[in-house]
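I have placed the structure first, in the form of structure tokens, so that the comments after it can refer back to it.
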Amino acid sequence: MKKSYLLKNARILTKDAECISGKNVYISDGKILKIMDSTSDDGNIRADEEIDCGKYYISPGIPNLHTHTAMNIFKGIAEDVTADDWFNEMIWPYESKMTDQDIYVGTRLGIAEMINNGVTVFADHYFGEEQVLRAVKETGIRGDLAPTLFGGTPDFKERLEEVTRFIKEHREDSNRVAFHMGPHANYTCPAPTLGEIVDRAKALELPVHLHVSEEDVQVEKAREETGMTPFGILNEAGGFDCKVLIGHGLWVEEEDLKFLKEDTWFAFCPKTYLKLASGKGGFFDYYRQLNYGFGTDGAASSNTLNPVEQARLFALLGKFFDRDSSTHTMQEIWRHLMEGHKAFPFGTGEVKEGAPADLVIWDLNGLDTFPIYHPVISILYSSNSQNVKYTMVDGVFLKYDGRLIMDEEALKNEAADLQKALIARGKGKAKVTY
Ligand SMILES: [Zn+2]
């Protein structure tokens, strides 16, 4: 049985960036059971623990819509290189020699960083799904896994069956676990294989999570080879019949908009685009017509797994490109940050009665964030992980009073040993080319 909590005298930040003061929040068995006025007679509610939140703000947890969590083990390994070299000379050769332990510890490291930043749910896109699932279950976070499939490799058919078996076996394991089918991208899954993966997603009633139109060169190449954009190729494969989570979509074009449905979600990760010099894509022109939230991409390209930082960069870039500092308002950015929850099946994203107890308790009294004119402004433009005082997932605190529940030092020691070993092993031969 989980502990019950009474969060007293709280100020609640809604998904629309409103601040509601003077509330007591009662949490039991993983749910927000009751929200009442702090001054009301709540004498008959007894909790195992009471926390005075009078100095703090409570918001829904932060969703991360796109990451490759295990790549935390590669954070900082491929810097100041072209996108071509990033894939072909660095990441894919190193990944070809990755061990299960690298994936497991890298994923734990990434999850630890996310919890530290208030992330309560993430969409992962990686291979080694057994290790990713193990890390999700052990750490207490919510994970939505897309075991990655490369269509162009000789073992594709076997791998598709392996992933199908894995998902069938584990999809009911936990209320904190869900799955997407995860083709890597149109350019690594040639036409017939992308169609096969989409068909499998339909048969299993699963959504699809893949990379689409990250770089303009991909769009040009797709056009040359097929006469279609990557979105067109995905449409041809039947992809938009499913709920789809688009990793990036930076270079979405006007002609692509007709393919998008109500349940097509974009995971926008601007730090990666800045890092890899991806340019100003159509996303900055069409974002108002898209369902989008924020992802972090993997730490090998964006170095941090903090979606708030990504939202901040989107707001700044949007204002900069528009030459209009009144656009990309804090309400709009916060709403999209929170709307990302809709890309997941967990029913999270609001601090309200009956909702899952996935939340962040923010302490904005530090030098970085004080004084506070509007808490969402403080969070969006000034906060860092130190402002995340508590992170709760499914009614359980994973960060408590500023400290992670998991053993951070032991985890870092293990990761440091693996880092030495992976450098000593060196690069192997990449299975695919970019
Ligand atoms: Zn990605």
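Our coupling estimate for the range 136-151, obtained by passing each phi through the Karplus curve with A = 6.51, B = -1.76, C = 1.60 and θ = phi - 60°, is 4, 4, 6, 8, x, 7, 8, x, 10, 9, 10, x, 6, 10, 9, x Hz, Gly and Pro reported as x.
Based solely on its DSSP helices, what 222 nm [θ] is calculated for the chain when runs of n ≥ 4 H residues each add -39,500 (n - 2.57) and the sum is averaged over all residues, nearest 500 deg cm²/dmol?
Numbers: 14 runs with 145 residues, N = 434.
That comes out to -10000 deg cm²/dmol.
As a rough footprinting exposure proxy, the listed residues F294, F74 were ranked by other beta carbons within 10 Å of their own, and the order from fewest upward is F74, F294. Ranking H374, F122, G152 by how far each Cα lies toward the positive end of the dipole of the chain (charges on Cβ) leaves H374 at the top.
Placing unit charges on the Cβ atoms only, positive for Lys and Arg and negative for Asp and Glu, gives the chain a dipole magnitude near 640 debye about its Cα centre.
Here K55 is the anchor, and the aspartates and glutamates within straight C-alpha reach of less than 19 Å, apart from those fewer than 8 places off in the same chain, are E18, D37, D363, D368, D401.
Each other residue within a Cβ distance under 9 Å of L204 adds +1 if Lys or Arg and -1 if Asp or Glu, for a net charge of +3.
Taking the centroid of alpha carbons for each part, the range 55-86 and the range 194-252 are 22 Å apart. Ranking W334, G298, G195 by Cα position along the charge dipole of the range 62-343, where only Lys, Arg, Asp and Glu carry charges on their C-beta atoms, puts W334 farthest toward the positive end.
To test your reading of the geometry: what angle, between 0 and 90 degrees and rounded to tens, separates the Cα axis of helix 191-204 from the longest principal axis of the chain? Approximately 40 degrees, to the nearest 10.
Roughly how big is the range 226-330's charge dipole about its Cα centre, with Cβ charges of +1 (Lys, Arg) and -1 (Asp, Glu), in debye to the nearest 20? Walk me through the numbers before you get to the answer.
Values: 10 positive and 13 negative charges, 90 e Å.
In total the dipole reaches around 440 debye.
Cross-link partners of K429 among aspartates and glutamates, defined as those whose alpha carbon lies under 17 angstrom from its own and excluding same-chain residues fewer than eight positions apart: D84, D85, E89, E95, D155. In order along the range 296-306, the phi-based Karplus estimate (6.51 cos²θ - 1.76 cosθ + 1.60, θ = phi - 60°) of 3J(HN,Hα) comes to 10, 6, x, 5, 5, 10, 10, 6, 9, 10, 10 Hz; Gly and Pro are listed as x.
A DSSP coil position with no more than 16 other Cβ atoms inside 10 Å describes the following GluC sites (Glu not before Pro) in the range 136-232: E172, E205. Under the criterion of Cα pairs below 8 Å and six or more residues apart, the relative contact order for the chain equals 23 percent. Packing, as the average of other Cβ atoms within 10 Å across residues, places the peptides 140-148, 389-397, 269-277, 377-385 in the order 140-148, 389-397, 269-277, 377-385, highest first. For the range 8-23 versus the range 364-412, the inter-centroid distance based on Cα atoms is 17 Å. Full extension of the chain between Q289 and D85 gives 70.1 nm of extra length, using 0.36 nm per residue less the Cα-Cα distance.
The average projected area of the chain, computed from the convex hull of its Cα atoms over all directions, is 20.6 nm². Relative to the current alpha-carbon distance between D16 and D48, full extension at 0.36 nm per residue lengthens the span by 8.4 nm.
Placing +1 at every Lys and Arg Cβ and -1 at every Asp and Glu Cβ, with all other atoms neutral, what dipole size does the range 181-267 have around its Cα centre, in debye to the nearest 20? Show your work: numbers first, answer last.
Values: 7 positive and 17 negative charges, 66 e Å.
Magnitude of the dipole: close to 320 debye.
In sequence order, the range 31-36 has phi-based couplings of 10, 7, 8, 8, 10, 9 Hz under the Karplus curve 6.51 cos²θ - 1.76 cosθ + 1.60, θ = phi - 60°, and Gly or Pro positions carry x.
Residue separation of E205 and D322 scaled by 0.36 nm, minus their Cα-Cα distance, works out to 38.1 nm of gained length. For the chain, the longest principal axis of the alpha carbon atoms and the long axis of helix 100-116 meet at an angle near 40°. Straight-distance candidates among the lysines for linking to K431, with alpha-carbon spacing under 24 Å and chain neighbours fewer than 8 residues away dropped: K75, K97, K157, K221, K420.
Throughout, read-outs are computed from the coordinates displayed, never taken from laboratory work. All of these numbers come straight from a predicted model, not from anything done at the bench. Don't worry about glycine lacking a Cβ; one is built from the backbone with ideal geometry, like all the others, and counts go over all protein chains shown.
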